[in-house]
Amino acid sequence: MSEETNNDQDFIAAPSPADTVVGKPPRARVEDAVDPDETPRESMERKRDYLEGFLQKKPENVPAGAPGGDLYEAVVAALKEIYDPEIPVNIYDLGLIYGVDVDDESDVTVTMTLTTPHCPVAETMPGEVELRAASVPGVRDAEVNLVWDPPWGPEKMTDEARLELGML
């Protein structure tokens, strides 16, 4: 073929495998993927959560009795210390507490239910909830309203409670 004919072509042919000698590609090695300055424990640990700061930040300018306020959160923390005697989960995560209301005079009203009206602690649990809520510093008085509507069901439990009970 002449050079003129070769330049008129619109394509370039790939060289034949016989014309070139290609060595084996390098093998992947574990050492190539591992950072030598990082220990195996550091590489397995969860990296910094980008939501960490966002989730830990407290709301600003929230009244003490409003959700997120200091007094409200202290009452909820006190209620989380009460455990159901038959289930190893606190009554707040179990979904037995329907509402916590703190008024301007620091009076607390807790609306709650029980798993069933025939619960063995039906007589004592509301009194214990009232005592715990009233014992929170800053609370003037506490009252418990025991309701049966809406009835309690497993769907009212938090994910933490479901995990504890093996339901998740």
| note | A 1.4 Å probe over the protein heavy atoms gives the range 106-168 a carbon and sulfur accessible-area percentage of 52
| Quick one: net charge of Lys80's neighbours, Cβ under 11 Å, K/R +1, D/E -1? | -3
| Distance between modelled label sites at Asp10 and Trp148, nm, 7 Å Cα→Cβ extension | 8.7
| said: Under 4 °C and 1.567 mPa s, how fast does the range 48-168 diffuse according to Stokes-Einstein, given a Kirkwood radius computed over C-alpha pairs? Answer in µm²/s, whole number. | reply: 84
| note | The alpha-carbon pair-distance distribution computed for the range 70-133, with 5 angstrom bins and whole-percent values, is 3, 18, 31, 26, 12, 6, 2, 0
| request: Just grab the label-to-label distance for Val30 and Lys57, each label 7 Å out from Cα along the Cβ direction, in nm (one decimal). | output: 4.3
| query | Tell me, what HN-Hα J-couplings in whole Hz come from the Karplus equation 6.51 cos²θ - 1.76 cosθ + 1.60 at θ = phi - 60° for each residue of the range 148-159, using x for Gly and Pro? | reply | 10, 10, x, x, 6, x, x, 5, 7, 6, 6, 4
| How much length, in nm to one decimal, is gained on full extension between Glu86 and Asp104, taken as 0.36 nm per residue of separation minus their Cα-Cα distance? | 2.9 nm
| request: Could you calculate the FRET efficiency of Ala66 with Ser135 from 1/(1 + (r/R0)^6), where r is the beta carbon distance between them and R0 is 22 Å, rounded to 0.05? | output: 0.60
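The values are calculated or read from the model by the stated rules, or taken from the named source; none is laboratory data. Remember, predicted model here, so these are calculated numbers, not experimental data. Because the Cβ atoms are built from the backbone with ideal geometry, glycine has one as well, and the counts that use them run over all protein chains shown. What goes into the accessible areas is simple: the full protein's heavy atoms, side chains included, and nothing from ligands, DNA or RNA. Shrake-Rupley method; radii C 1.70, N 1.55, O 1.52, S 1.80 Å.
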